[in-house]
Amino acid sequence: MPYLTTRDFSSDVSATSTTQALLAWYDKHHRELPWRVSPKAAAQGKRPEPYHIWLSEVMLQQTTVTAVKSYFTKFLDLWPRIEDLATAPTEDVMAAWAGLGYYARARNLKKCAEAVAAHHGGSFPDTEEGLRSLPGIGDYTSAAVAAIAFNRQAAVMDGNVERVISRLFAIDAPLPGSKPFMKQRVVELTPVDRPGDFAQAMMDLGATICTPKRPACALCPINDRCLALAEHDPERLPVKAAKKEKPVRFGAAFVAVSPEGEVLLRRRIDSGLLGGMTEVPTTGWTARQDGGQTAEHAPFTAEWESCGAVTHVFTHFELRLSVFRAAVTRDSDTGWWEPVTNLHAQALPTVMKKVITQAIPLAFRKHAS
DNA sequence: AATGCGTGGTC
DNA sequence: TGACCAAGCAT
């Protein structure tokens, strides 16, 4: 591995022994990911596609690698270049994103693609500041894209890095207040030489070794300098503020089926919860089960038949929906009628797929007829 | 600064 | 099995 031995750290004040230990570990133990260029190929001059790095980073915001992989592949199949994404119908992008969650990301993804195509000639800005000004790109993503795609010396801090740093330096102060202090530690560790590999090394370490529960400290390349390990309890860090209790909200959802085998759908407004996504008609979602969750409150009169309930847990509340179904002639103007066989191609969030499955058990069967 | 914003995997 | 939590952003 000559690319390791020919590198000259002596002139790099940022390349502490901790940094070098992490990079050496990354060279051996890095994860293979669809959007990633291996450190060996990177050392030979191969650069990752900024479009791929950006797309993967947005998908990975608060989302696991496992969940992202198939979506990343699907998006590249549908829209191989950022210009393709910029000119794609927004509904198509929302439909492709359905199931991944945090749907503002999909709306901003589309806006960002349009901005890059319109104002940057189809090329991403190659600095942290330039990237930071784009929709859906914040502190983390701007630093990650700058470092990984453009080899800029940007200090990347995500949940993984917070965990690694808080343990390495035994930082007892709770998040998010301790974030600026931790960020400064990352700045000091980030090398001029391989900032992108260093960021990915920190995140891989956090994902595979320095895990939230039962960290594999025996395998850690920097266990000899970890202050939390020296104190014999790395798992207690980082300290986070206590979470608030999740309230319960109640509502009713109405699955209307036409004689032609279509379901009545409508589009949610662009802002707020599930913004811009597709749904079946529902009542409002209220804190109390107060009689407003019955068929009397359906958007129109029909022979509504109860088909049980669906519970879905969102980030900040738990939703319990009573589900109703009725055979209805196509006379409603509250939305559009979609063939059951085409529901899989709609921008239906998971909670709505649950509702429709409750009312029509085989709705999402492969090759439904 | 605190809150709103999804989902599925893990133990 | 329910609580935790995963490569955060916008406001």
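The table below gives the values:
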{"read-out": "Size-normalised alpha-carbon gyration radius of the range A:74-218, reference 2.2 N^0.38 Å", "value": "1.19"}
{"read-out": "Average Cα contact separation per residue, chain A, under 8 Å, 6 or more apart, as relative contact order %", "value": "16"}
{"read-out": "Partners for residue A:246 among lysines (Cα-Cα distance below 21 Å; same-chain residues under 8 apart left out)", "value": "A:354"}
{"read-out": "DSSP beta bridge pairing in chain A, given as percent antiparallel to the nearest 5", "value": "60"}
{"read-out": "Centre separation in Å (Cα based) which lies between the range A:184-238 and the range A:303-369", "value": "45"}
{"read-out": "Bridge type composition, the range A:248-359 - antiparallel percent by DSSP, nearest 5", "value": "60"}
{"read-out": "Dipole moment magnitude, nearest 20 debye, the range A:47-202 about Cα centre, only Lys, Arg, Asp, Glu C-beta charged", "value": "300"}
{"read-out": "Modelled FRET efficiency - R0 45 Å, residue A:225 with residue A:309, Cβ distances, 0.05 increments", "value": "0.25"}
{"read-out": "Convex hull of Cα atoms in the range A:101-160, direction-averaged projection (nm²)", "value": "4.3"}
{"read-out": "Rule-of-thumb Rg ratio for chain A [Cα; 2.2 N^0.38 Å; N residues]", "value": "1.17"}
{"read-out": "Burial ranking of peptide ranges A:121-127, A:346-352 (average Cβ count within 10 Å, highest at the top)", "value": "A:346-352, A:121-127"}
{"read-out": "Alpha-carbon spread of the range A:196-298, three principal axes, descending order, Å", "value": "68, 33, 24"}
{"read-out": "Helical mean residue ellipticity (222 nm; -39500 (n - 2.57) per DSSP H run of 4+; nearest 500) of chain A", "value": "-11000 deg cm²/dmol"}
{"read-out": "Neighbour-count ranking [beta-carbon atoms within 10 angstrom, fewest first] of A:111, A:353", "value": "A:111, A:353"}
{"read-out": "Spin-label proximity, residue A:29 to the range A:212-252 - amide N less than 17 Å from point 7 Å beyond Cα toward beta carbon", "value": "A:212-230, A:234-235"}
{"read-out": "Isotropically averaged projected area of the range A:248-359, using the convex hull of Cα atoms (one quarter of hull area), nm²", "value": "6.6"}
{"read-out": "Simple spin-label estimate for residue A:132 and residue A:69 in nanometres, 7 Å along Cα-Cβ", "value": "3.4"}
{"read-out": "Stokes-Einstein diffusion coefficient of the range A:313-369, Kirkwood radius over Cα pairs, 25 °C, 0.890 mPa s, in µm²/s", "value": "187"}
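Bear in mind these aren't lab numbers, they're just calculated from the coordinates by the rules spelled out. Just so you know, these numbers come straight off a predicted model, no measurement behind them. Positions of Cβ are generated from backbone atoms using ideal geometry, with glycine treated the same way; all protein chains shown enter the neighbour counts.
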